[in-house]
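Encoded as structure tokens, the structure appears first; notes follow it.
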Amino acid sequence: MTDSAFLTAIADTLYALPGVRAVSLGGSRAQGRERPDSDWDLALYYRGAFDPEDLRSVGWEGEVSEIGGWGGGVFNGGAWLRVAGRAVDVHYRDLDVVEAQVDRASRGEFDIEPLMFHLAGIPTYLVVGELDLHRVLRGTLPRVDYPEALRRSAPAVWSARADLTLDYAEHNHARSGRVTQCLGDVALAALQYAHAVLAARGEWVTNEKDLLSRAGLDPVDGEVVSARPDPDSLRALVRGTRNRGQELVRTAVR
């Protein structure tokens, strides 16, 4: 089966599920940056209620979560599937929730929610960015440009979190030579600064995979690897990460 025929078939199947109002393609394949082995990331948008049992009944191999099975919030579950020999991720998107976040983002408002595998958590405007970056396959979805109010509000929120994370790392973990905790805080703060930089630029973030490189913070990789397990080295790492992050944020905000 060709990729085109595969995408048509899977989009038709998802769109036919009860409650589904739209289906979109996301990830690298929506942006033309995929590799031959890239997953197929699909979002199904439902109105009112959606029963995951309807997706299970299709019979595709894999795991289908309940609503809220991935922690709740805006990223409220989905499925990891194998369809026609291809890896497929399906994400549930509640249209009422998405529309509420569009409205909040237009006013510069958002929350940061925990999500497994995302060190810094996810901003609730992630689902707004998907509307702009995804390719709609079935149904209709609004297109949303990056709100100016969000460009003004989000950098300060993210950079303040990064500053506090590094303050704690320096005054607690670094001084005591707690390497794992200190490096974990440095990684977290670097991602938080990166969120701030990209928000100031008006660039959507939908995952952390290339977040550091997009923001210009990938030099932190080498500094983390070079850190020695002693307080002076760990303090230097923390301070260097803070200086680099704050400077990148200031430059982006100008």
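Where a number appears in this text, it was derived from the coordinates with a stated rule and is not lab data. Everything quoted here is computed from the prediction, not taken from an experiment. Because the Cβ atoms are built from the backbone with ideal geometry, glycine has one as well, and the counts that use them run over all protein chains shown.
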Could you give the semi-axes, largest first, of the ellipsoid that matches the chain, computed as the square roots of 5 times the alpha carbon gyration tensor eigenvalues and rounded to whole Å?
37, 20, 16
I'd like the orientation of helix 95-106 relative to the chain: the angle between its Cα long axis and the longest Cα principal axis, in ° from 0 to 90, rounded to 10.
40
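Distances over 20 Å make up what percent of all Cα-Cα pairs in the range 50-153? Before the final figure, lay out the partial values.
Working: 2488 of 5356 pairs.
The answer is 46 percent, as a whole percent.
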Would you work out which of SER159, THR251, GLN101 lies farthest towards the positive end of the dipole of the chain? Charges go on Cβ: Lys and Arg +1, Asp and Glu -1.
THR251
Would you mind ranking ASP185, ASP103 so that the residue whose beta carbon has the fewest other beta carbons within 10 Å leads the list?
ASP103, ASP185
Ratio of the range 106-166's C-alpha Rg to 2.2 N^0.38 Å, to two decimals?
1.31
What would the Debye equation give as log₁₀ I(q)/I(0) for the range 123-254 at q = 0.10, 0.14, 0.16, 0.19 Å⁻¹, counting only Cα atoms as equal point scatterers?
-0.36, -0.63, -0.77, -0.97
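How big is the dipole moment of the range 3-139 about its Cα centre under a simple scheme where the beta carbon of each Lys and Arg is +1, that of each Asp and Glu is -1, and everything else is neutral? Debye, nearest 20, please.
Working: 13 positive and 22 negative charges, 75 e Å.
Magnitude of the dipole: close to 360 debye.
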Which angle from 0 to 90°, rounded to the nearest 10, does the C-alpha axis of helix 179-201 make with the longest principal axis of the chain?
60
Rounded tilt (10° steps) of 3-15 against the dominant C-alpha axis of the chain:
80
